[in-house]
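Notes follow once the structure below has been shown.
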Amino acid sequence: MLRTATDGDVDIIRVLRNQEPNREVSVNAHEISPDEHAAWWAKASVDPTRRVLIYERDGVTAGVVNFFDLELETEPRTGAWGFFLDAEGLAERGETLPAWIEVMKDATNYAFDELGLDELHGEVLEHNAVVRQMNRRFRFVEGEPETRYADGREITVFPISLHKDNRRKPKGN
């Protein structure tokens, strides 16, 4: 289940984002300080081009989905997204794979059915082979890679995109 993040979720969002497995596959891999996170939330929580959602599994916070750069008044309607899971908690419970599939399904459904997007964009690091494979399973298409420098390291980033007509349809449709 996805729900809108609130001020009460701010601390857990930072805890999850700072988990080592999440930092290893993020463009910005440094540990986020409380002040940096508070500044991000102050902007993100009032930004009309952004939605920050909490992914819950069996009533427990299990991840965060960020939609940003939303263009909801133009044609085509576009937006970007990213997410991270509670890597440590889900691994302890043996729920990583089912949670991952569920959050991707819920997030793409939200993008196309709730936000009404025509195209959903994102990016994935080259070395994140497992996510790249899952993205393909969900019919995301990779674009040309680009080299960037972030947090003192050189990384290769693949842009990804999914058009609403190419997505895996929710069951029953």
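Can you tell me which residue is surrounded by the fewest Cβ atoms within 10 Å (Cβ to Cβ) among those in region 120-132 that are aliphatic (A, V, I, L, M) and modelled with pLDDT under 95?
Here the answer is ALA129.
Those residues that are over 10 Å from the mean Cα position of the chain (by Cα) and crowded, with 21+ Cβ neighbours inside 10 Å, I need them from region 60-86; list them, please. Working first, answer last.
Step one: list which residues in region 60-86 are over 10 Å from the mean Cα position of the chain (by Cα), which gives 60-62, 69-79, 86.
Correct list: ALA62, GLY79, ASP86.
Which of the residues that make up region 109-150 are part of a loop (DSSP other than H, G, I, E, B) and touching a helix residue (DSSP H, G or I) at 6+ places or on another chain (Cβ under 6 Å)? Write out each step before concluding.
Going residue by residue through region 109-150, those that are part of a loop (DSSP other than H, G, I, E, B) are 115-118, 126-128, 138-140, 143-145.
LEU117, ASP118, PHE138, ARG139, listed by residue number.
Those residues that are part of a loop (DSSP other than H, G, I, E, B) and over 17 Å from TYR110 (Cβ atoms), I need them from region 151-173; list them, please. Can you show your working first?
We begin by selecting, within region 151-173, every residue part of a loop (DSSP other than H, G, I, E, B); these are 151-152, 167-173.
Listed by number, the residues that qualify are ASP151, GLY152.
With the checklist (1) farther than 20 Å from ASP47 by Cα; (2) without any contact (Cβ under 8 Å) to a residue 40 or more places away in the chain in hand, flag the one item ASN128 doesn't pass.
Result: ASN128 fails condition (2) only.
Go through ALA80, ALA91 for me and flag whichever is without any contact (Cβ under 8 Å) to a residue 60 or more places away in the chain and within 20 Å of ILE32 (Cβ to Cβ).
Working: ALA91 fails: within 20 Å of ILE32 (Cβ to Cβ).
Among ALA80, ALA91, only ALA80 is without any contact (Cβ under 8 Å) to a residue 60 or more places away in the chain and within 20 Å of ILE32 (Cβ to Cβ).
So which of ARG50, ARG23, ARG17 is out of contact with any Leu (no Cβ under 8 Å at 6 or more places or on another chain), within 25 Å of LEU117 (Cβ to Cβ) and open to solvent by less than 60 Å² (accessible area, probe 1.4 Å)? Show your work before the answer.
Details: ARG50 fails: out of contact with any Leu (no Cβ under 8 Å at 6 or more places or on another chain); ARG23 fails: within 25 Å of LEU117 (Cβ to Cβ).
None of the other options fit; the residue is ARG17.
Inside region 1-30, can you point out the residues that are in contact with a helix residue (DSSP H, G or I) (Cβ under 7 Å, 6 or more places away or on another chain) and over 23 Å from LYS105 (Cβ atoms)?
VAL10, ARG14, ALA29
Is it true that LEU117 is over 15 Å from the mean Cα position of the chain (by Cα), crowded, with 17+ Cβ neighbours inside 10 Å and of a type in the set (A, V, I, L, M)?
Judged against the criteria, LEU117 is a match.
Conditions first: (1) open to solvent by less than 60 Å² (accessible area, probe 1.4 Å); (2) more than 30 Å from PRO145 (Cβ to Cβ). THR6 passes all but one, so which condition is the exception?
Going through (1) open to solvent by less than 60 Å² (accessible area, probe 1.4 Å); (2) more than 30 Å from PRO145 (Cβ to Cβ) one by one, THR6 breaks only (1).
The conditions are (1) at pLDDT 95 or above; (2) crowded, with 16+ Cβ neighbours inside 10 Å, and ASN135 fails exactly one of them. Which is it?
Tallying (1) at pLDDT 95 or above; (2) crowded, with 16+ Cβ neighbours inside 10 Å, ASN135 fails exactly one: (1).
The values are calculated or read from the model by the stated rules, or taken from the named source; none is laboratory data. Just so you know, these numbers come straight off a predicted model, no measurement behind them. Positions of Cβ are backbone-derived with ideal geometry, glycine not excepted, and every protein chain shown enters the neighbour counts. Just so you know, the surface numbers come from the protein's heavy atoms only, side chains and all, with ligands and any DNA or RNA stripped out. Shrake-Rupley method; radii C 1.70, N 1.55, O 1.52, S 1.80 Å.
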